[in-house]
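These notes are about the structure you will find just below.
The values are calculated or read from the model by the stated rules, or taken from the named source; none is laboratory data. Keep in mind it's a predicted model, so treat the numbers as computed, not measured. Here Cβ is always computed from backbone atoms with ideal geometry, including for glycine, and neighbour counts include all displayed protein chains. Side chains are part of the model used for accessible areas, which takes the heavy atoms of the whole protein and leaves out ligands, DNA and RNA. Shrake-Rupley method; radii C 1.70, N 1.55, O 1.52, S 1.80 Å.
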Amino acid sequence: MKTRPPNPESITCWRKKFLETFFSNVLHGVLDVSSDWRLNDRHFSPLLHSSPHVSQLTLCNMLQGAVELTAEHNHKVLENLAGSLQILKFQHLLSCDQSIKRSLVLLLHRLIHHGSVSQVSMYSWPVPDTVLLVLILTMSAGFWRSGNALAYHSSPCRLCREEDKAQSQQSAQEGAERGCDAEREGSGGEDQKRSPKEADAPMNSVLSGPRSPPLRNTVCEETSSEVPCGHTSTQGGSSHCSSSEQLSCHPIPRKTRRQPKPAVGRKRRCLRRSRGHYADPEDLYDFVFTVARENNSGLLDKTRTTEGENTENWNSSSPGSPCTGHAGCKKRGGPAGILSLKAAHRFRSVSTLELFSIPLTGETCRTLSNLLSSWVSLENLVLSYNGLNANISCILSGLRALARHPECRFRVLRVSDMFSHMPCTELVRCILSALPQLHTLSVSFDLKNQLEGSRPEANPSSGKAEIPESCLEVLEIRFPREPLHTAFLLPVLKATKSLQQLSLDSATLPCPQELGLLLEVLRECTPNLKKLSFHDVNLAEHQKEVLLLLQDPGLQEITFSFCRLFESSTAEFLSEIINTVKRNSSLKSLKLPGNRLGNHRLVALADIFSEDSSSSLCQLDVSSNCIKPDGLLEFTKKLEGHMQQRGGRLPFTQLRLFQNWLEQDADTAQEALRRLRALCSVVSDAWDCSQAFADYISVM
């Protein structure tokens, strides 16, 4: 197929990878089946043959793949994907018509709600179709709404029918038991029991399908028995079954699947009658605002008063109402008759959601926030270059509500964007205060602010404010060229006693003493720290602190990436580094990319593995260090000598050599690599430094 898979070293089964790529190429028309006599056979389906091996699938552009997969002739293909597919990706999506959205709904319902998809990722959508975006988010969260104009189900799926049948039998049995109780209580008791039975009639109608025409919804005579609408008017309509009964009735969201077009028409008229001035029923926002938190009543803010009592209700954010997070979030009841979670059933949902380069408006952020607040299966959330700015507080308000849920499994949050709305350390403090159960937090920004003076400065009092003890194990901060003030990081580090990995990127040190203060705080507050990384932090004038880190017995991996270590150093500094590493038996990995080692410093580093060394260093990364083939060959010969002195054994297992000047003498480079591979694993690339320099000059 003439393709080179990315990260080939991570591929464990090439047969599976080939069949997965083959499936994708056939689905998207890259491989023309009709032009190959081996594949163009009516007795053989390439998609069916390869579908059991597909664990990752990408849908692009106009979602043509969704239309193909939901076609009747690919029914078995979809069944196979429901069992094998783990990751579903959307890339470069475009607006599409109603029929394509109908196919997408069918696909998401089968692969997520009744399948094994655990991750949904969306990439590169500069001008997203809001309705389509919200549809994907809503179904990824496991929600389904009856009567939703975007829920284009033409007929119930087989699994839903099986669930409906089981629920119907259970409901019939419970109804018979209630009938027996009513007979024993007499005719008066029967009259009192009749009302809730009639309220259950719409659900029993759906459970049993069109086979039970007498069970009709009496609230709206225009609606047929297939599409009862009484349960969609929970605020402005007549009496219905109890909340627990409604939530336990699975089929409610599937009532429109048999005849979608007339059902939607009748549903729209019914909604107008029962809800008065309700907004356009094709708008998903009102639904999402209300579904998110109603089934987590123990966790909800009291936002609405009914008959003098506060009721816990999250029908709060109508499409125009702002959500500014925990402080000052403006909650209000929506229009009368907003659809609630009682009109929806929550199916299985994904555990990982990733949004890359998709602008999120304020309304979309509020939609996502309300979905997040009850998304208990969610474990990982990645928001990258979404233009959040102040809307990050709205996302945090939803995550804060989720964190209070007893079944919450949320553990990983990664946020990256072009501009930072607030100082990075302040944002980290806010996130950890709201989400103490996080295990991994990554915050990354390119620039301070879009307009000079538009971003609030760090609050000095925040350095004194304590935050609750956190479970955080991995913390990554990419500063937008901000000064690294240890005082502002102090409350974060004090609260993260279990921190094992810390990465600080693109920070500036406001004074020479700042790095020493940081190391002292790390030593006192993070006893479990194993990995420490500095990237693009100028450490040229901090040689003492660098040596202190290299002799720390607790650290197993240290990274100094593009830190200008040898910019103004002497030969004595390199010797001190080598001797310090030789005496440190706990350090396993040393990464020094982008520090201009050159040939002579690389050759000197080979002495780390000399006969008198107690080092157990396994991995050395010297990428982007201006290393030439002759220097690499001399380094290899020196390693071979140390290996002979140590009886043929070295702890050294991997050398990383990306982006060095090895193409200047191909023969020498090949000999050096061949001899090196006899000693350890070598990870390199075919990098042309002259072309890279030309590219760099062209964009200056």
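Quick notes on this one:
- Checking each residue in segment 1-33 for being open to solvent by less than 50 Å² (accessible area, probe 1.4 Å) and not in a loop (DSSP other than H, G, I, E, B) picks out L19, E20, T21, F22, F23, S24, N25, V26, L27, V33.
- Test: residue in segment 665-687 that is at positive phi and of a type outside the set (A, V, I, L, M, F, W, C): no
- Scanning segment 401-446 for residues that are of a type in the set (F, W, Y) and over 20 Å from E379 (Cβ atoms) yields F419, F445.
- One residue stands out in segment 608-630 among those that are over 13 Å from R583 (Cβ atoms) and over 43 Å from the mean Cα position of the chain (by Cα): the one that is least open to solvent (accessible area, probe 1.4 Å), namely D630.
- Test result for R414, at pLDDT below 95, closer than 22 Å to V120 by Cα and either open to solvent by 10 Å² or more (accessible area, probe 1.4 Å) or under 15 Å from the mean Cα position of the chain (by Cα) (or both): no
- Scan of segment 643-691 for residues that are aliphatic (A, V, I, L, M), open to solvent by less than 40 Å² (accessible area, probe 1.4 Å) and under 37 Å from the mean Cα position of the chain (by Cα), ordered by number: L655, L657, V682, V683
- Residue within segment 61-71 that is small (G, A, S), in contact with a helix residue (DSSP H, G or I) (Cβ under 6 Å, 6 or more places away or on another chain) and not in a helix (DSSP H, G or I) present: no
- Residues of segment 417-438 satisfying the condition of being assigned to a helix (DSSP H, G or I) and open to solvent by 20 Å² or more (accessible area, probe 1.4 Å): E426, R429, C430, S433
- For L605, the test of being aliphatic (A, V, I, L, M), under 21 Å from K637 (Cβ atoms) and touching a residue at least 24 places away in the same chain (Cβ under 8 Å) is passed.
- A single entry from D665, D621 fulfils the requirement of being at pLDDT below 95 and of a type outside the set (G, A, S): D665.
- Restricting attention to segment 566-623, the residues that are acidic (D, E) and within 22 Å of A540 (Cα to Cα) total 4.
- Of everything in segment 111-120 that is surrounded by 21 or more Cβ atoms within 10 Å (Cβ to Cβ) and not aliphatic (A, V, I, L, M), the residue that is farthest from L27 (Cα to Cα) is H113.
Every residue, every condition in (1) within 18 Å of M139 (Cβ to Cβ); (2) at pLDDT 50 or above; (3) loosely packed, with under 15 Cβ neighbours inside 10 Å, yes or no:
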residue: N315; (1), (2), (3): no, no, no
residue: C323; (1), (2), (3): no, no, no
residue: A336; (1), (2), (3): no, no, yes
residue: H345; (1), (2), (3): yes, yes, no
residue: E354; (1), (2), (3): yes, yes, no
residue: S384; (1), (2), (3): no, yes, no
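- When L94, L48, L39 are checked against the criterion of being open to solvent by 10 Å² or more (accessible area, probe 1.4 Å), outside the structural domain of F356 (by the TED database) and part of a loop (DSSP other than H, G, I, E, B), a single residue qualifies: L39.
- For segment 508-518, the candidate set comprises residues that are of a type outside the set (S, T, N, Q) and out of contact with any Asp or Glu (no Cβ under 6 Å at 6 or more places or on another chain); within that set, the residue that is modelled with the lowest pLDDT is P512.
- Among the residues listed as P359, P456, the single one being surrounded by fewer than 18 Cβ atoms within 10 Å (Cβ to Cβ), at pLDDT 95 or above and not assigned by the TED database to the domain that holds L518: P359
- Some residue of segment 365-382 being closer than 22 Å to M418 by Cβ, of a type outside the set (S, T, Y), under 16 Å from the mean Cα position of the chain (by Cα) and in a helix (DSSP H, G or I): yes
- Residue list for segment 51-63, filter: within 20 Å of G115 (Cβ to Cβ) and open to solvent by 60 Å² or more (accessible area, probe 1.4 Å): P52, Q56
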